[in-house]
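Notes to accompany the following structure.
We did not get these values from a lab; they are worked out from the coordinates using the rules stated. Keep in mind that this is a model prediction, so the values were computed, not measured. Ideal geometry is used to build each Cβ from the backbone, glycine not excepted, and the neighbour counts take in all protein chains shown.
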Amino acid sequence: MTLERRCRLLARAYPDRERAEEVLTTLLDSNEGRRSPRVADAFDVLRHGLAARLGSTPAGTRYGRVGDAASVAVVLALLVQAATAVAIAANAFRRPPKDPWDWPDQIYTGVYYVTGHQVAAALIAAAVASAACAAAMAGRVALARLLVLAAAAGGAATFLVERSLGERPSFTSGQGRLVVALGIGTVLAVLLTGAVARAARMVPRWWWALAAGAALAVALYVVRYHPHELLWGRTGVALTAYAAVATVLGTLAVPLALTALVAAVVRRPEVAD
Amino acid sequence: MQEPTFLILTALADEARHGYGVMQEVTALSAGRVTLRPGTLYAALDRLVAEGLVAVEREEVVASRLRRYYRLTGAGATALSEESERLAANARVARRRLRKAGVTPA
């Protein structure tokens, strides 16, 4: 493979064709006489190209690095999810249940672990919410709204998958409230992204940290100590997946707090490095 | 203003340069201390363009390779001038203190 071919592959990391061509030219110039681009150059181009492709903020803006970090977190979370799905599916087929009627449950269990397990759901929600917060704070409102909707769709999928597992009683009022809360929360989050984007330009970053800390405290208190009684009724119907959906509140608060804190302490980058 | 930004603006002060030209000039200006990588350079240029300190002057396609030339804007020249003054003032103070302490600056 020639130097140009290798450099062209690297430059493809950039979504913008003209920028990719520009980077390619510079890579070729700076690596003239070599068979391959320098490792440091390759890493640098991949890093910035992927950041641009992931839709993060332009490196160097106030929240650019936070946006990059959140985007990478989303990708990592999805990779973890994919690996988990493969492992569980492989295990289900390696040890098939004796009773054919158990097959759906086995498969659903795999899906459940992938989409509905508390840790996995929290990981996805945290990553998506981080990206949404960072995107909103960086002024990328459309992307933030898309992420919020994706997170809500994930929550809804979790709810539906969990209900398909085992024996579940008929739809309860507690579950109804959960669905309504998720819907209202989604609409509010979508509406708030614009406000977050505007506020990010005006409100000092340490205010964000304070507000996020307060939100975190309230959300964790509600979710951890009063979820079943306060939100879902006393029947004990809400089980693992409902708790996972409930912790969306908590997982929204945690990344918001982290995002705000990081934004508060990270010095505004002058250049990407 | 961090040193790489200062050096990029300085590299563009006298003439418009393309990406590789800026990289070479920054290395020369810093006597090899600062080496910009391509991804980092274009991220910095994007930011400087967004801030109005740098602008794209022209594009050339030579041997089917795109070269985009960047130049310093008026605002960029002002920012560079102010930063230069600030650094020079700091250097004067440091030299004065060193002389007072009996140390001769190199």
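Sparsely packed loop sites in region B:1-79 (the GluC sites (Glu not before Pro) outside DSSP H, G, I, E and B with at most 13 other Cβ atoms within 10 Å) comprise B:GLU15.
Extending 7 Å from Cα along the Cβ direction at A:VAL180 and again at B:GLU3 yields two label points whose distance is 6.2 nm.
Considering the convex hull of the alpha carbon atoms of chain B, report its projected area averaged over all viewing directions, in nm², one decimal. Taking the Cα atoms of chain B, their convex hull projects to 7.6 nm² on average. Using the Cβ-Cβ distance between A:ARG198 and B:VAL49 with R0 set to 25 Å, the FRET efficiency from 1/(1 + (r/R0)^6) comes to roughly 0.60. Scalar couplings 3J(HN,Hα) for region B:76-83, obtained by applying the Karplus form with A = 6.51, B = -1.76, C = 1.60 to θ = phi - 60°, are x, 5, 4, 4, 5, 4, 4, 5 Hz; x denotes Gly and Pro.
The B:ALA91 and B:SER64 beta-carbon pair, evaluated with R₀ = 51 Å, returns a calculated FRET efficiency of approximately 0.65. Peptide B:85-96 has a mean shielding of 0, counted as Cβ atoms of other protein chains within 10 Å of each residue's Cβ.
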